Amino acid sequence: MKENVLILAIESSCDETAAAVVENGRNVLSNIISSQIEIHKEFGGVVPEVASRKHIENINDVVAQALTQAHVSAEDIDAVAVTYGPGLVGALLVGVNFAKGLAYAWNKPLIGVNHIEGHISANFIEDKSLEPPFVCLVASGGHTHLVYVKDHGEYEVLGKTRDDAAGEAFDKIARAIGLGYPGGPLIDKAAKSGNKDAIKFPRVVINDDTLDFSFSGLKSSVLNYIHNSRQKNEEIVVEDVAASFQEAVVEVLVLKAIKAAKMKNCRTVALAGGVASNSSLRKMLQEECLKNNYKFVKPSAVLCTDNAAMIGCAGYYKYLKNEFSESSLNAMPNLELAK
Ligand code: KG4
Ligand code: ZN
């Protein structure tokens, strides 16, 4: 085994075209992210076909920049890792096909990575001493999962959303109260000057035996509140709605994450995914972990939202186990977190 393993990683599952060079899984030499947010803002959400077209335009430059910024060239790279699911199929195909082309042309192994596994792995970059087992709450625009990370690459899904993902709920409510897209950061900001106790929205805990989530009831309740207020010509205080909604989401996420840690008798809790950059979620989970004497790990904001460094990290642990992909690797839009 070489002393230093360099992975070139590519991520294109949604609206970020990203490439990174990662050394030995945890040392990020470059992390280039080309975001399409400004383009999709106009439409109030990600338009899949537009996303694919933008990935096609950007991917060459993004990968070239990742290599240049890391001061490495093709010969230095040991493997090419790429997100192959879950995500938007047309968007995934751009990254997968590009990675396959590079791996073939450079004669390097190809490593297909699950996007959720990538999000979880961001924690290994953030905390160099972190080792499994730990419980990880993954909350993004497309997924809300509570995962028990038994070992590198070994996962047990303890619970997941039965309807909307947490980030999706943030985006929909932000649109309803006129904050725009993407909703998460805008609600987070508005909530800072709002009263979280102004409106009592429901905390949907489903039944207590499961670690599953459900956010559609909360979403309907907020939409009803807005609708009723408008009908009665009552003023809607956007900041109060944002703060009260955020509190309802965060309380349930934190409650279930702590419950999962207790269930698994596990002393470390980690956060991942776009929603993991929410200031209230980070604060409340930190406090609860402190109370329970758990170690709490949270990636910095740039490693929470979609990036390729996290894919390079997950790819490294697959490299160590010789888990390489065939050249027939395809995009899998509904890929589950295996094992
Ligand atoms: O992980 P990510 O970049 O993409 C997916 O894999 O889905 O997550 C994007 C999601 C969006 O729904 C966005 O609104 C949400 O993460 N998000 C936030 C915050 N920043 C991003 N949600 C709440 N608070 C934030 N500060
Ligand atoms: Zn993501």
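The values are calculated or read from the model by the stated rules, or taken from the named source; none is laboratory data. Keep in mind the model is a prediction, meaning the values are calculated, not measured. Here the Cβ positions follow ideal geometry from the backbone for every residue, glycine too, while neighbour counts run over all protein chains shown.
Some values worked out for this structure:
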item	result
Filter result for residue 51 (in a helix (DSSP H, G or I) and either modelled with pLDDT under 95 or under 18 Å from the mean Cα position of the chain (by Cα) (or both))	yes
When residues of region 44-54 are limited to those that are among the hydrophobic types (A, V, I, L, M, F, W, C) and without any contact (Cβ under 8 Å) to a residue 24 or more places away in the chain, the one nearest to residue 8 (Cα to Cα)	50
Residue match in region 11-34 (condition: among the hydroxyl-bearing types (Ser, Thr, Tyr), farther than 19 Å from residue 122 by Cα and not in a strand (DSSP E or B))	no
Output for region 205-232, where each listed residue is outside any loop (DSSP other than H, G, I, E, B) and either over 16 Å from residue 170 (Cα atoms) or not assigned by TED's automatic domain parsing to the domain that holds residue 165 (or both)	227, 228, 229, 230, 231
Pick from region 180-199, criterion at pLDDT below 95 and on the phi < 0 side of the Ramachandran plot, ranking: nearest to ligand 2 (Cβ to nearest atom)	182
Matching entry among 105, 169, 122, 176 (being within 15 Å of ligand 2 (Cβ to nearest atom) and touching a helix residue (DSSP H, G or I) at 6+ places or on another chain (Cβ under 9 Å))	122
Residue check for residue 334: closer than 30 Å to residue 67 by Cβ, part of a loop (DSSP other than H, G, I, E, B) and within 21 Å of the chain's Cα centre (by Cα)	no
Of residues in region 134-160 being over 12 Å from the mean Cα position of the chain (by Cα) and small (Gly, Ala, Ser), the one nearest to ligand 1 (Cβ to nearest atom)	159
